[in-house]
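**Q** Below you will find the structure I want to go over with you.
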Amino acid sequence: HPRAASEGFRIENMQAAAGVGDLDRKSVKEVQSFIEHQQQIQQIQAVVGKITELCWDKCVSKPGKDLTESEKNCIANCSERFLDTSMFVVNRIQNKHKAGGQ
C-alpha cells in the first residue's frame, strides 16, 4: 500500500538517502509532498489501465478490423462512468489534502 510506504518514509531517511543532511525542514517536506503526489499519479494511472482493460473486456467480444457501434457506445459509456468517478475521487483527495494542510 503506497500510503503506508510514504508514512514510513521519514525526513531523516530522505536526507540520508539523498545524501543531503543540510536540507531545511521545509525543503524536505516539499520533496515529501512531491513524492506523495507522484505516488497518487501512479495509482491513478494504474486504475486507468485497469478500467481500460475492464471496459475492453466488457464491451468487445470479438476484436476485428473495426468496432461495432454497440462496442463503441459501450466503451464510451464505460469510460465516461470511469472518468466521472475518477474526477470525484481526485477532487476528494485534493480537498482532503487541502483541509489537512491548512
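**Q** Give the residue list of chymotrypsin sites (Phe, Trp or Tyr not before Pro) in segment 31-102 that are DSSP loop and have at most 13 other beta-carbon atoms within 10 angstrom. Intermediate results must be reported in sequence, preceding the final value.
**A** Working: sites: F34, W56, F82, F88; in loops: none.
For chymotrypsin sites (Phe, Trp or Tyr not before Pro) across segment 31-102 that sit outside H, G, I, E and B with at most 13 neighbouring Cβ atoms in 10 Å, the list is empty.
**Q** Report, in listed order, any pair from K26/K96; K58/K98; K62/K96 with a Cα-Cα distance greater than 31 Å. Working shown, then result.
**A** Working: K26/K96 21 Å; K58/K98 37 Å; K62/K96 43 Å.
As for pairs spanning more than 31 Å Cα to Cα, those are K58/K98; K62/K96.
**Q** Once ligands and nucleic acids are excluded and a 1.4 Å probe is used, how much of T52 is accessible, expressed in Å² to the nearest 10?
**A** 80 Å²
**Q** Here is a further query. Quick one: how many Å² of V48 are accessible to a 1.4 Å probe, rounded to 10?
**A** Counting only protein heavy atoms, the figure is 60 Å².
The values are calculated or read from the model by the stated rules, or taken from the named source; none is laboratory data. A quick note: this is a predicted structure, and the numbers were derived from the prediction, not measured. No Cβ is skipped: glycine too gets one built from the backbone with ideal geometry, and neighbour counts run over all protein chains shown. Ligands, DNA and RNA are excluded from the accessible area calculation, which covers all protein heavy atoms including side chains. Shrake-Rupley method; radii C 1.70, N 1.55, O 1.52, S 1.80 Å.
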